[in-house]
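*Asks:* Shown below is the structure under consideration.
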Amino acid sequence: MCSSDLATGEVTHHAPRVPLMYHLALKMLLGDRAKYVMLVGGLTFATMLMTQQSAVFCGLLTWTTSHMRNMRAKLWVVDRKVEQANELKALRDTDVNRVRSTPGVAWAVPLYITIQSAKLADGNFKPILLVGLDNTTLVGRPPIILQGRLEDVRLPNAIVLDELGIKRLSVGRAKPLGLGDTFELNDKEARIVAICRADRHFFGYPYAYSTYTQALQFAPKQRKMLSLVLAEPAAGWTLAQAVASIEAETGMKAYTEEELFWSTIWWYFRNTGIPIAFMSIIILGFIVGTTISGQTFYAFVHENLRHLGALKAMGASNALLARMLLVQSLTVGFLGYGIGALLVTGFGRAVLARGEPPFMMPWQLPAGTFVLVMAICCFSALLGIRKVWKVEPAIVFRG
C-alpha cells in the first residue's frame, strides 16, 4: 500500500495487513477452480492410497497372528526350531509333563492344531483348522461364544465352529448349519454344539474347536500328535524367568504371547514378498501425490506471478508472500487429507462388515499419512516460494 504527503510530495509505503493478505491468498486459490480441484483431488488420492494400503497391510499381519487371540495363553512352548505360530513341529506326548514339572510353571496343558477336510453337502471338501483343547480346563477356548454352550464340547463328536466355518460349510444346503447339525470331518461325523466368533486365519481356514481327545479321533493317527503346550508362570515368577526355566529344563522353545506375536510378524517380513508389495504401493502413492501437487502448485504460482509482483510493489515482503503460499498449500492439504481419510474410513467399515479383505487402521496410520501429506504440501509450497523470491516488483509494469 502507498500514500502521498501533499506538503512534501513524498510517497510512503505501508506494509499490507497480514490477515487481509491471507484472505487474499485464499481468494486467489479458489479463483482458479481447475487447479484448486486438481490439487485437492491429487492429495485425496494420495491419502486414500497410502492409508488404505497401510490399513490392509496391518490387517493382513493381524491374520498371521490370529492364533494368539483365538487361543490365549501367557506362555507358548513349541519345538526348538519353530519361528512362527502358523508352522508347528509335532512334540512328544510326554513333553507336557516335562513342562509341568519345570520350576516356575503353575500349570501346562496340551494343544493340538491340524488342518482337516470337512465334507460339504454337495460332495466338495473345505479345509478347516481343528483345535484340540485340554479336556479338563478347555484352555485355549474361543474368545466369544455366540450360540450354545462351550462346556458341551466335551460331548462325543462335539465341535465348536466359528462364523466363517458356518458360512463355508453351509454351501449346498437348503438352510445354513446351526446348533445340533452334523457334517463329515475327515470321514467322521461331527456335531455342532456351539458357534463362536474368532479372528480370521492368514490362510482363510475356519476355526473348529474340540477336546484334545476328540480331536485326536478326528485326525489321522501319527507318531507324534502334540502340537504345542500352553502354560502359565507360577506365582512370584515373571514371564521371562519362566521362559528361561522351561528352555533350560526341557530344551524346547518357550515364547511369551508378545514374543510369539512379533516373531511371527518378522518371519513374514523376512520370508515373504508381502511387505515389499505393499510398501511399493504406499511409496507410489506418496510419489503421485508429490508429483501432482508440486506440478500443479508450481503452475498456479507461475500464472499468478503478476499478482504476486504487484503485492511486492505494494510493500509485501518475501517472508509474507512465502507464508501466503504456505496457507494456500496447507489449505488444500487439509481438505485433500480430510476427504481421503473419510473415504478410507467408509471403505474400512464396509470391508469389516463383510469380513474381507483384511483391514486394521490404528491411529498411527492416519497420523502418519497426515504428516506425509503435510510434507507434500510444504514441498509444493517451497517450489512456489523459490519462484516468488526471484520475482521483481517491476514485472507488474511489463507488457
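*Asks:* Considering the range 109-129 alone, what residues qualify as being more than 19 Å from Lys224 (Cβ to Cβ), in contact with a Phe, Trp or Tyr (Cβ under 9 Å, 6 or more places away or on another chain) and either polar (S, T, N, Q) or free of Cβ contacts under 8 Å to residues at least 12 places away in the same chain (or both)?
*Replies:* Scanning the range 109-129 gives a single hit, Ser117.
*Asks:* Continuing with the same structure: Of the residues that sit in the range 191-203 and are in contact with a helix residue (DSSP H, G or I) (Cβ under 7 Å, 6 or more places away or on another chain) and among the hydrophobic types (A, V, I, L, M, F, W, C), which one is modelled with the lowest pLDDT?
*Replies:* Going residue by residue through the range 191-203, those that are in contact with a helix residue (DSSP H, G or I) (Cβ under 7 Å, 6 or more places away or on another chain) are 193-195, 197-202.
Subset that is among the hydrophobic types (A, V, I, L, M, F, W, C): 193-195, 198, 202.
Details: Val193: 94, Ala194: 94, Ile195: 93, Ala198: 90, Phe202: 86.
Once the filter is applied, the top-ranked residue is Phe202.
*Asks:* Something else about it: Which members of the range 212-226 meet the condition of being open to solvent by 10 Å² or more (accessible area, probe 1.4 Å) and either under 35 Å from the mean Cα position of the chain (by Cα) or closer than 16 Å to Ile128 by Cα (or both)? Even if it seems obvious, please write down each step before you answer.
*Replies:* Of all residues in the range 212-226, those open to solvent by 10 Å² or more (accessible area, probe 1.4 Å) come to 212-214, 216-217, 220-225.
Residues satisfying the conditions are Tyr212, Gln214, Leu216, Gln217, Pro220, Met225.
Residue by residue, here is whether (1) in a helix (DSSP H, G or I); (2) not basic (Lys, Arg) holds:
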{"site": "Ile145", "(1), (2)": "no, yes"}
{"site": "Asp152", "(1), (2)": "yes, yes"}
{"site": "Lys167", "(1), (2)": "yes, no"}
{"site": "Arg173", "(1), (2)": "no, no"}
{"site": "Leu177", "(1), (2)": "no, yes"}
{"site": "Ala190", "(1), (2)": "no, yes"}
{"site": "Cys196", "(1), (2)": "no, yes"}
{"site": "Arg200", "(1), (2)": "no, no"}
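*Asks:* Cβ-Cβ distance below 6 Å, separation of 6 or more or different chains: which pairs start in the range 286-297 with a residue that is of a type in the set (S, T, N, Q) and end on one that is outside any helix (DSSP H, G or I) and modelled with pLDDT of 80 or more?
*Replies:* No pair meets every condition.
*Asks:* Among the residues of the range 83-111, which ones are assigned to a strand (DSSP E or B) and among the aliphatic types (A, V, I, L, M)? Before you say what the answer is, go through the steps one by one.
*Replies:* Looking only at the range 83-111, we keep the residues that are assigned to a strand (DSSP E or B), and these are 91, 105-111.
Correct list: Leu91, Val105, Ala106, Ala108, Val109, Leu111.
*Asks:* Next question, about the same structure. Of all residues in the range 116-155, which are under 11 Å from Tyr212 (Cβ atoms) and open to solvent by 30 Å² or more (accessible area, probe 1.4 Å)?
*Replies:* Scanning the range 116-155 gives Asn135, Thr136, Thr137, Arg154.
*Asks:* Hey, another quick one. Please specify each residue of the range 335-358 satisfying the condition of being within 19 Å of Ala46 (Cβ to Cβ) and surrounded by 14 or more Cβ atoms within 10 Å (Cβ to Cβ).
*Replies:* Our first condition is that a residue be within 19 Å of Ala46 (Cβ to Cβ); within the range 335-358, this holds for 335-348.
Correct list: Leu335, Gly336, Tyr337, Gly338, Ile339, Gly340, Ala341, Leu343, Val344, Thr345, Phe347, Gly348.
*Asks:* Which residue pairs have Cβ atoms under 9 Å apart, sit 6 or more places apart or on different chains, and have a first residue in the range 130-158 that is on the phi > 0 side of the Ramachandran plot and a second that is hydroxyl-bearing (Ser, Thr, Tyr)?
*Replies:* Going by the 9 Å Cβ cut-off, the qualifying pairs are Leu138/Tyr209; Leu138/Thr211; Gly140/Tyr209; Asn157/Thr182; Asn157/Ser210.
*Asks:* Right, Ala73: open to solvent by less than 20 Å² (accessible area, probe 1.4 Å), hydrophobic (A, V, I, L, M, F, W, C) and under 21 Å from the mean Cα position of the chain (by Cα) or not?
*Replies:* Details: open to solvent by less than 20 Å² (accessible area, probe 1.4 Å): yes; hydrophobic (A, V, I, L, M, F, W, C): yes; under 21 Å from the mean Cα position of the chain (by Cα): no.
Against the criterion (open to solvent by less than 20 Å² (accessible area, probe 1.4 Å), hydrophobic (A, V, I, L, M, F, W, C) and under 21 Å from the mean Cα position of the chain (by Cα)), Ala73 does not qualify.
*Asks:* Please go through the range 342-361 and give me each residue that is over 13 Å from Leu61 (Cα atoms) and in contact (Cβ under 8 Å) with a residue 40 or more places away in the chain, ordered by number. Please lay out each step first, then the result.
*Replies:* Applying the first criterion (over 13 Å from Leu61 (Cα atoms)) to the range 342-361 yields 342-356.
Selection gives Leu343, Val344, Phe347, Gly348, Gly355, Glu356.
*Asks:* Would you check if there is a residue in the range 156-172 being at pLDDT 90 or above, crowded, with 19+ Cβ neighbours inside 10 Å and touching a Ser or Thr at 6+ places or on another chain (Cβ under 7 Å)?
*Replies:* So far as the range 156-172 goes, yes, one or more of its residues are at pLDDT 90 or above, crowded, with 19+ Cβ neighbours inside 10 Å and touching a Ser or Thr at 6+ places or on another chain (Cβ under 7 Å).
*Asks:* Just one of Thr296, Thr238, Thr291, Thr250 is surrounded by fewer than 20 Cβ atoms within 10 Å (Cβ to Cβ), of a type in the set (S, T, N, Q) and over 31 Å from the mean Cα position of the chain (by Cα); which is it?
*Replies:* On the way: Thr296 fails: surrounded by fewer than 20 Cβ atoms within 10 Å (Cβ to Cβ); Thr238 fails: over 31 Å from the mean Cα position of the chain (by Cα); Thr291 fails: over 31 Å from the mean Cα position of the chain (by Cα).
Just a single option satisfies the conditions, and that option is Thr250.
*Asks:* If you go through the range 94-129, how many residues are acidic (Asp, Glu) and at pLDDT 90 or above?
*Replies:* Count: 1.
*Asks:* If I filter the range 174-190 down to residues being modelled with pLDDT under 90 and either among the hydrophobic types (A, V, I, L, M, F, W, C) or buried (at least 19 other Cβ atoms within 10 Å of the Cβ) (or both), which single residue comes out as nearest to Asn135 (Cα to Cα)?
*Replies:* Looking at the filtered set, the residue picked out is Leu185.
*Asks:* So, one more: Taking only the range 28-56 into account, find how many residues are closer than 19 Å to Gly285 by Cα and open to solvent by 60 Å² or more (accessible area, probe 1.4 Å). Before you say what the answer is, go through the steps one by one.
*Replies:* To start, the set of residues in the range 28-56 that are closer than 19 Å to Gly285 by Cα comprises 37-56.
Still in the list and also open to solvent by 60 Å² or more (accessible area, probe 1.4 Å): 37-38, 45, 48.
Adding up the residues that qualify gives 4.
*Asks:* (1) hydroxyl-bearing (Ser, Thr, Tyr); (2) without any contact (Cβ under 8 Å) to a residue 60 or more places away in the chain; (3) touching a Phe, Trp or Tyr at 6+ places or on another chain (Cβ under 6 Å): which one isn't true of Tyr212, the others all being true?
*Replies:* Looking at each condition in turn, Tyr212 falls short on (2).
The values are calculated or read from the model by the stated rules, or taken from the named source; none is laboratory data. This one's a predicted model, so the numbers in the text were calculated from it and none came from an experiment. Every residue, glycine among them, receives a Cβ derived from its backbone with ideal geometry; neighbour counts consider all protein chains shown. Accessible surface areas use protein heavy atoms only, side chains included; no ligands, DNA or RNA. Shrake-Rupley method; radii C 1.70, N 1.55, O 1.52, S 1.80 Å.
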